[in-house]
Amino acid sequence: MNKWIVASAAALTLALAGPATAQQPIVIKFSHVVAPDTPKGKGATKFAELAEKYTGGKVKVEVYPNSALYKDKEELEALQLGAVQMLAPSNSKFGPIGVKEFEVFDLPFILPDKTALRRVTDGPLGKRLLSLLEPKGMIGLAYWDNGFKQFSANKPLRTPEDYKGQKFRIQSSKVLEAQMRALGAIPQVMAFSEVYQALQTGVVDGQENTPSNMYTQKMHEVQKYTAHTDHGYIGYVVIVNKKFWDGLPGDVRTSLEKAMAEATKYANEISQTENDEAWADIKKSGRTEIIELTAEQKAALKKAMLPVYDQAASRVGKGLIEEFEKATQATGTN
Ligand code: LMR
């Protein structure tokens, strides 16, 4: 059908529907840095669908993936200024706006599995961490999963010695900086959108990320080796500009909360499969050699990273690390 006819028909429908639905929808700009075909990308798309459905079209969510609007640090500033309304930055990216506590999630090997993670995010500690965002002009609505990180480089990474002197791209987290230094590597903070090119041109030697992020950005094509380390975790905090959120009509906010709860369930259900599939695709591509660590090599990596816990204590607080560890080990929900 001719698109002008479709447009006119849509306009007529709106006119006939009367003033309530003819009103301009409330627009939520949801910006993020990863590909649409990732756990976060799919979660954002799902939220957009559900938000429009549950508000009966009163809200339109525009999703901007792949840093199309803003890169890592800029997007947080844009949210604070109200240029975008929603984001889902990783836990590792809140330090630059003065909320360093989320970097506790960056401690190497702190999360044994996703069940332990849920005990943190769904319990009182998760709630308390979210409340730290309010004085920064944002509200934490939910935790979304990605997965466990792997290291890659152009030389095989088996023992801690293999990391020495290598330049690694990291996210803007002091805990991740300490992690790389503990291995004798040189950390370099860089926006996610710049990583592929930096690897390709040799600006950095290696990086750490989840399989889904590596595969969708084609990082595996410019890294000769990928070590199966599962040494850390990437997850997200979905945030909204507080002024915008508080200013919404009550019924709209309730519908958006419902949409967010369902999108969160969905995103957290698909994250493992998305990463498993990406990992299988990376292996199948044959572009990077997968290195499986022996039990001794994994233990050596863990041991080399242990000093990070003491260093992180002055950053995020010893009490917080202990509370986090206690929550991961608790039985049942805390
Ligand atoms: C990264 O910068 O490596 C990740 O945080 C990107 C993301 O949002 O998953």
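Report whether or not Gly147 is within 16 Å of the ligand (Cβ to nearest atom), of a type in the set (Gly, Ala, Ser), under 27 Å from Ala299 (Cβ atoms) and under 15 Å from the mean Cα position of the chain (by Cα).
Values: within 16 Å of the ligand (Cβ to nearest atom): yes; of a type in the set (Gly, Ala, Ser): yes; under 27 Å from Ala299 (Cβ atoms): yes; under 15 Å from the mean Cα position of the chain (by Cα): yes.
Yes.
Quick check on Lys42: is it under 16 Å from Tyr236 (Cα atoms), modelled with pLDDT under 95 and within 16 Å of the ligand (Cβ to nearest atom)? Before you say what the answer is, go through the steps one by one.
Details: under 16 Å from Tyr236 (Cα atoms): yes; modelled with pLDDT under 95: no; within 16 Å of the ligand (Cβ to nearest atom): yes.
Here the answer is no, as Lys42 does not meet what is asked.
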Point to revise | Scope the range 91-129; condition open to solvent by 10 Å² or more (accessible area, probe 1.4 Å), in a loop (DSSP other than H, G, I, E, B) and either farther than 18 Å from His231 by Cα or of a type in the set (Gly, Ala, Ser) (or both); matching residues | key: Gly98, Asp122
Check your understanding: What residue, among those in the range 130-150 that are free of Cβ contacts under 8 Å to residues at least 60 places away in the same chain and part of a helix (DSSP H, G or I), is most open to solvent (accessible area, probe 1.4 Å)?
Key -> Pro135
Exercise for review: Could you list all residues from the range 262-272 that are of a type outside the set (Ser, Thr, Tyr), open to solvent by 60 Å² or more (accessible area, probe 1.4 Å) and touching a residue at least 40 places away in the same chain (Cβ under 8 Å)?
Suggested key: Glu262, Gln272
Check your understanding: Does the range 61-90 hold any residues that are of a type in the set (D, E, K, R), in a helix (DSSP H, G or I) and free of Cβ contacts under 8 Å to residues at least 60 places away in the same chain, and which are they?
Key -> Glu74, Glu75, Glu77
Exercise for review: Would you mind telling me which numbered condition in (1) surrounded by fewer than 20 Cβ atoms within 10 Å (Cβ to Cβ); (2) more than 16 Å from the ligand (Cβ to nearest atom) Val189 fails?
Suggested key: (2)
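Report yes if Leu248 is part of a loop (DSSP other than H, G, I, E, B) and away from the ligand (no atom under 14 Å from the Cβ), otherwise no. Full working, then the answer.
On the way: part of a loop (DSSP other than H, G, I, E, B): yes; away from the ligand (no atom under 14 Å from the Cβ): yes.
Criteria met by Leu248.
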Review point. Taking the range 45-70 only, how many residues are open to solvent by 70 Å² or more (accessible area, probe 1.4 Å) and within 12 Å of the ligand (Cβ to nearest atom)?
Key: 1
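Restricting to the range 213-242, count the residues that are polar (S, T, N, Q), open to solvent by less than 10 Å² (accessible area, probe 1.4 Å) and under 18 Å from the mean Cα position of the chain (by Cα).
Residues of the range 213-242 that are polar (S, T, N, Q), as a first pass: 213, 216-217, 223, 226, 229, 241.
Narrowing further to those that are open to solvent by less than 10 Å² (accessible area, probe 1.4 Å): 213, 223, 226, 229.
Still in the list and also under 18 Å from the mean Cα position of the chain (by Cα): 213.
Of the residues in the range 213-242, 1 are polar (S, T, N, Q), open to solvent by less than 10 Å² (accessible area, probe 1.4 Å) and under 18 Å from the mean Cα position of the chain (by Cα).
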Review point. Can you name every residue in the range 186-202 that is assigned to a loop (DSSP other than H, G, I, E, B) and either free of Cβ contacts under 8 Å to residues at least 12 places away in the same chain or farther than 19 Å from Met219 by Cα (or both)?
Key: Gly202
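Give the range 273-313 a look and list any residue that's surrounded by fewer than 20 Cβ atoms within 10 Å (Cβ to Cβ) and in contact with an Asp or Glu (Cβ under 8 Å, 6 or more places away or on another chain), or say none. Before the answer, list the steps.
Keep residues of the range 273-313 that are surrounded by fewer than 20 Cβ atoms within 10 Å (Cβ to Cβ), which gives 273, 276-277, 280-281, 283-287, 289-300, 302-304, 306-307, 309-311, 313.
Passing the criteria: Ser285, Arg287.
Hey, could you check the range 1-39 for residues that are more than 15 Å from the ligand (Cβ to nearest atom) and in a loop (DSSP other than H, G, I, E, B) and say which is modelled with the lowest pLDDT? Break it down into steps so the answer makes sense when it comes.
Residues of the range 1-39 more than 15 Å from the ligand (Cβ to nearest atom): 1-29.
Subsequent filtering for residues that are in a loop (DSSP other than H, G, I, E, B) retains 1-2, 18, 23-25.
Details: Met1: 37, Asn2: 41, Gly18: 42, Gln23: 83, Gln24: 94, Pro25: 97.
Within the range 1-39, the match that is modelled with the lowest pLDDT is Met1.
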Revision key, fill the gap. Reported set for the range 207-240 where residues are within 14 Å of the ligand (Cβ to nearest atom) and part of a strand (DSSP E or B) is Gln207, Glu208, Asn209, Tyr233, Ile234, Gly235, Tyr236, Val237, Val238, Ile239
Revision key, fill the gap. Over the range 251-289, the set of residues touching a strand residue (DSSP E or B) at 6+ places or on another chain (Cβ under 8 Å), in a helix (DSSP H, G or I) and hydroxyl-bearing (Ser, Thr, Tyr) is Ser255, Thr264, Ser271
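The values are calculated or read from the model by the stated rules, or taken from the named source; none is laboratory data. On a predicted model such as this, the values are computed, not experimentally measured, just so you know. Quick reminder, even Gly has a Cβ in these numbers, built from the backbone with ideal geometry, and neighbours come from all protein chains shown. Heads up: the accessible areas ignore ligands, DNA and RNA and are worked out on the full protein's heavy atoms, side chains in. Shrake-Rupley method; radii C 1.70, N 1.55, O 1.52, S 1.80 Å.
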